[in-house]
Amino acid sequence: MATHKQNRTRRLLSQGATAFGTAANDTHSPSFAQIVSQAGYDYLMIDREHGAWSVESLQGLVRVCRLLDLTSIVRIPDLVPHWISQTLDLGAEGIMVPRVESRAAAELAVSRMKYPPLGQRGLATGVGHSDFVSGLDAQAFVDNANANTLLVIQIESARGVQQVNDIVSVPGIDAVMIGPMDLSLSLGYVGQLEHPVVEAAMGTIIDACNRHGVAGGMHMGNADLLRKWRDRGARFITCSGDLGFLEQGARAAIATLLGDNAKR
């Protein structure tokens with residue numbers, strides 16, 4: 001029943017396991033979700049901060065993710081109430097909030113995505129998040145949603161690193177995704193993800209997450225670097241995305257076709 005739908009990724013993280021995902025930046029087709037699911041990923045991060053997504057295209061991909069038991073986590077552009085409530089009502093199982101730099105912002109994120117008494121989210125039933133089933137036990141639905149909706153915050157600035165212990169100690173945060181590019185930009189070493197200063201900052205975040213029982217992780221296109229950070233304690237691993245995989249495959253194929261010849 002919809003009232004008892006379990007969040008696959010949240011369950012993995014709560015058990016201390018590692019969850020693996022990728023991102024949809026530009027591909028609105030349900031086919032991408034099917035490919036991702038069949039490949040063995042646990043979640044799909046739908047990037048509404050940097051990608052071009054309408055409500056209708058978001059709804060379609062979220063619906064397919066629910067049917068596949070592929071956790072859909074939508075990165076919203078900012079901590080605005082309707083971006084959270086509407087996204088969850090469409091059926092998304094998780095929200096990712098960018099640029100969190102304070103405990104107050106983390107607490108606000110929890111409040112806006114949880115139903116009372118844990119938060120202030122408004123209730124609508126018979127829509128996407130209840131799989132269009134009406135006449136549900138409203139209290140059971142609310143309790144299950146509060147227990148299963150996944151909250152991911154992003155720490156991606158020098159100020160966020162300074163406040164990391166206060167931020168990740170907020171009850172209701174399930175995971176932290178480091179934004180390596182924005183973090184490197186904030187620290188003055190843009191794009192240098194293996195610079196000692198950038199690595200130290202990322203390590204500080206991962207360590208704080210592990211101390212507070214929150215799954216720490218990051219989004220990168222480099223699987224080897226991600227494995228390194230997994231060994232370092234990261235458990236929320238987002239690898240590349242639709243555009244990255246497309247470019248990687250296209251470049252690898254043409255390189256094979258050309259061989260050692262630069263000319264066609």
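The values are calculated or read from the model by the stated rules, or taken from the named source; none is laboratory data. What you see is a predicted model; the values in this text were computed from it and never measured. We place every Cβ from the backbone using ideal geometry, glycine too, and count neighbours over all the protein chains shown.
Quick test for you: out of Leu150, Leu183, pick the one residue that is of a type outside the set (Ser, Thr, Tyr), in contact with a Ser or Thr (Cβ under 8 Å, 6 or more places away or on another chain) and under 30 Å from Gly126 (Cβ atoms).
None of the others qualify; the one that does is Leu150.
Checking Ala92 against (1) modelled with pLDDT of 95 or more; (2) within 22 Å of Ile155 (Cβ to Cβ); (3) of a type outside the set (S, T, N, Q); (4) not in a loop (DSSP other than H, G, I, E, B): exactly one of these is not met. Which one?
(4)
Exactly one of these conditions fails for Leu258: (1) more than 23 Å from Arg99 (Cα to Cα); (2) at pLDDT below 95; (3) surrounded by 15 or more Cβ atoms within 10 Å (Cβ to Cβ); (4) not acidic (Asp, Glu). Give me its number.
The number of the failed condition is (3).
To keep it simple, each residue is scored yes or no on (1) crowded, with 18+ Cβ neighbours inside 10 Å; (2) at pLDDT below 95; (3) part of a loop (DSSP other than H, G, I, E, B); (4) of a type in the set (Val, Ile, Thr).
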position: Gln6; (1), (2), (3), (4): no, yes, yes, no
position: Thr9; (1), (2), (3), (4): yes, no, no, yes
position: Leu12; (1), (2), (3), (4): yes, no, no, no
position: Gly21; (1), (2), (3), (4): yes, no, no, no
position: Thr27; (1), (2), (3), (4): yes, yes, yes, yes
position: Ser31; (1), (2), (3), (4): no, no, no, no
position: Gln34; (1), (2), (3), (4): no, no, no, no
position: Tyr41; (1), (2), (3), (4): yes, no, yes, no
position: Met45; (1), (2), (3), (4): yes, no, no, no
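Can you tell me which residue is farthest from the chain's Cα centre (by Cα) among those in region 156-191 that are surrounded by fewer than 16 Cβ atoms within 10 Å (Cβ to Cβ) and outside any helix (DSSP H, G or I)?
Gly188
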